[in-house]
1. Looking only at segment B:143-160, count every residue that is modelled with pLDDT under 95 and out of contact with any strand residue (DSSP E or B) (no Cβ under 6 Å at 6 or more places or on another chain) and tell me the total.
2. Considering only segment B:176-192, state which residues are of a type outside the set (Gly, Ala, Ser), surrounded by 24 or more Cβ atoms within 10 Å (Cβ to Cβ) and in a helix (DSSP H, G or I).
3. Quick check on this structure: which one of B:LEU287, B:LEU273 is assigned to a strand (DSSP E or B) and either buried (at least 21 other Cβ atoms within 10 Å of the Cβ) or within 12 Å of the chain's Cα centre (by Cα) (or both)?
4. Can you find, within segment A:24-49, the residue that is surrounded by the fewest Cβ atoms within 10 Å (Cβ to Cβ) among those that are among the β-branched types (Val, Ile, Thr) and within 14 Å of chain B (Cβ to nearest Cβ)?
5. Please go through segment A:221-270 and give me each residue that is within 14 Å of chain B (Cβ to nearest Cβ) and basic (Lys, Arg), ordered by number.
6. Any residue in segment B:52-66 that is farther than 22 Å from B:GLY87 by Cβ sitting within a Cβ distance under 6 Å of a residue that is charged (D, E, K, R)? List the pairs, counting only those 6 or more apart or interchain.
7. Looking at segment A:335-348 only, could you name the residues that are more than 9 Å from every other protein chain (Cβ to nearest Cβ), outside any loop (DSSP other than H, G, I, E, B) and surrounded by 19 or more Cβ atoms within 10 Å (Cβ to Cβ)?
Amino acid sequence: MDATFEGYRRPDGRVGVRNYVAVIPTSVAAAAVATATADEVGAWARATPHQLGTSQPDAARRQTERVLVGIGQNPNVGAALVVELGTEDIDAEDVADRVAADGTAAETLTIREAGGTEAALDEGETRLHRLNDEVKRARREEADVAELVFGVECGGSDATSGIAANPGVGAACDRLVEAGGTACFSETPEFIGAEHILADRCVDEETRERLLDRVDARESMAELMGVDLRGAQPTPGNQEGGLTTIEEKSLGAISKGGTTPVRGIVDYAETLPVGGGLVLMDTPGYDVESVVGKVAGGAQVVAFTTGRGSTTGNPIAPVIKVTGNPQTWERMSNNIDVNAGTVFDGESIDSVGERVYETLVDVANGRRTESERRRLEEFAINEIQPEELTAEADA
Amino acid sequence: MSAPTAPTAAERTFQGVRRPDGAIGVRDNVLVLPSVICSHIVADRIAANVEGAVSTPHDHGCAQLGADNDQTWRTFLSLAANPNVAGTVVVGLGCEEIQSEDVAEALQSRGVPVRELSIQGVGGTDECVRRGVEFASELAAARSDEAATAGLGDLTLGLVSSDLDATTREVADPLVGEVARAVVDAGGRVVVAGNERVTAHPAAARAATVGDARDSLADLLDRHDGHPPRASGVGRAARDRSFEDATRSWGGLDVSAVVPYGDPVGIDEGLALVDAPSRFAEATTGLAAAGANVVLHATGDGVLTGHPLVPVVKVTGDEGTVAALPNDIDVDATAADADDVLDRLVDVANGRECCAEAHGLTEFAITRVGPSM
Amino acid sequence: MKGRVLDDTLLLLSDDDTVGTAVDDLEAGTALDYDGRSVTLAEDVPFGHKVALEPLAAGDEVRKYGEIIGTATQSVERGEWVHTHNCESTRGRGDQAATGGETA
């Protein structure tokens, strides 16, 4: 098995598996222009529209900025155009400067200065073509798999997730970690009930404490809302698929990260270390927001296990869909990349893990996933809600 | 403030669509409603392929708890009942919290023409787009050709001022306020967003609110107690100004109803407050859910996007904004009077595109009241 | 996969478990051998869902993966389907916190 792939070496030394021009709106007011310009020019332009406001409380705004900058700095991005209306709290120049700090080419487009919608669409397209002229000159070079930051997610889970798909992806994570790479999983509410297992694997006390702290914070959000977690965790789909409690879901979920020691836990959208082994990220279980957090942290490729058949992808990082449910594979193979349901026919977990790993390397080398082929690219940023800010203040 | 003198209300008529419940729509769209973020791309593709269909892509529908989940649910149902909507295709993924089947069932029992499908139910995104296009086309074809003559009294005018800049407070809002009075005088309804104004000035808000609405206002204040406003800039400005200063767009009208975000308004005429933050996309969705068939958006900044369900007429009192965004602003409040705005509203109600409809860029969002799980 | 399959019907992930997972849609009346004892399904159980391998009293722990996944909310017979109607979580119980009940 090759331990290398062909990737795009960026100025900061990290390697991308795609070569996009990212079109990043600073707020919901600029999102439609960002999307329209990207759609107009071609598949090499990837917009990251979101619904966050033109003015947010400080803590929420800082998190939004961190995500926007992280996306611009993801190694799959060769250049970034940051789009703003011009009157938002988040300043496009500021975001562009922060993106450019790692050597990524970053420019801004201010709709007000461009002269309005039509004018901004025109100018946006011109600027994107120019940025792409630079970006498409990048040549791929051989890179070690150790340079991969592999994000792992589970969504639309059912009982097969913890039995087949997650252990299979976990086996691939073990291989990557062994080869010197980084594997990252998140979805903190889906540690509830299994956190003691992860805690035991933490390499130091600080990581262990941080982990338990974060799980506690997520669990108390349910208390905050005065409701039990059910319906949100597990979801109706989870329950139809046989998952009864959050504990059961979590015990099955954590296996997607493999069996190696937990080297650290980072915040939502915080930069993930290259060559960092197994690292957790504190995110909601909410899939689209969770994947975005990892991609903003620098993950170049994501594997997403699904029992029920989630079809979501991401604009910046290719998402590999893996199912352990034979029925889902049969019905929805157009939207799935790897069938782990073969485990029920006797294929070993290690063998599935091998196939997932091979797919990871293939995708890193340029093979498009089903969600890429269909341009299924969901994007949403986790917004810290006023209730959470109040709870933090009270804590 | 004097009421506009000519043309008279009787002369301001337009051709609208009469819905089964008697409400008048000024647009006649099939709504393709994704019940969750995971199906929004499919919903967009369905709508793009059917003449007369619009989609409402959003970031929610899953991983929400309690009141937060409930708010998204209620918003979906109310949007499908908006008078500008001819029928609804609900598109789900299948495993999410807000199930498309449940949404469709609830709509059916309310008499809304509806179809439903889910990505997992039909076996993938390709098939879902194909069948969704069939459903949306069916609903589009079932629309009646019949126009109904309507007037200002048939308007449910939605108002959102997404900032409280000096020009908004001093120029745009007062103009909007005159328009609001005219609509109410003609027997119409006005629904306003912008809860920051009342949470900043509870006593003044109570004084402006009449009858049973006072209880609803108390509920609203309760809900926000201890929570900072979502639109922090407007929140600060509302606190720094007087209630009167911050609510000139309400035209000095009494608040006759106060509704939670996502709920329809119950009164037949007068002014109602919707518990929505002053973030344009979220506010306009809240106004549409409340029953607005056209929206007047006062914006000093020049937020230029429209909304898939209601025509949004942009008003600014900021000359810099008028100069910077000449093709995105419908009304220059430094030069227009209430008659001009009323004429424009009637024009738009009659089918003329507002600026946002001309460029076609829309934004749709639902207000969250809890964390993602 | 981890664990062992009993009579082609139920996956037992750990020997400590009190439930097995159906590896196919199973019909009521299906019998299987569980370490010398016979377990008969009291009802239809869908693929991926759980079956009690031991009788449980209300309040007893339910174990899968060798860990606690919840508690029985009523008494459960050997061979009964185990799911949200008779098993609940002890975690994320904001509803209990709201009423002053116990949380994990």
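1. 3
2. B:VAL176, B:VAL179, B:VAL183
3. Sole residue among the options that is assigned to a strand (DSSP E or B) and either buried (at least 21 other Cβ atoms within 10 Å of the Cβ) or within 12 Å of the chain's Cα centre (by Cα) (or both): B:LEU273.
4. The qualifying residue surrounded by the fewest Cβ atoms within 10 Å (Cβ to Cβ) is A:THR35.
5. A:ARG230, A:LYS249
6. Matching pairs, first to second residue: B:CYS62/B:GLU96; B:CYS62/B:GLU97.
7. Across segment A:335-348, the qualifying residues are A:VAL338, A:ASN339, A:GLY341.
A quick yes/no check of all residues on (1) buried (at least 22 other Cβ atoms within 10 Å of the Cβ); (2) within 14 Å of chain C (Cβ to nearest Cβ); (3) of a type in the set (Val, Ile, Thr); (4) in contact with a helix residue (DSSP H, G or I) (Cβ under 8 Å, 6 or more places away or on another chain):
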site: A:PRO75; (1), (2), (3), (4): yes, no, no, no
site: A:ALA80; (1), (2), (3), (4): yes, no, no, yes
site: A:ASP91; (1), (2), (3), (4): no, no, no, no
site: A:ALA100; (1), (2), (3), (4): no, no, no, no
site: A:GLU107; (1), (2), (3), (4): no, no, no, yes
site: A:THR117; (1), (2), (3), (4): yes, no, yes, yes
site: A:PHE150; (1), (2), (3), (4): yes, no, no, yes
site: A:SER157; (1), (2), (3), (4): yes, yes, no, yes
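The values are calculated or read from the model by the stated rules, or taken from the named source; none is laboratory data. Worth saying up front: this structure is predicted, and the values here are computed from it rather than measured. Please note: Cβ atoms are built from the backbone with ideal geometry, for glycine as well, and neighbour counts cover all protein chains shown.
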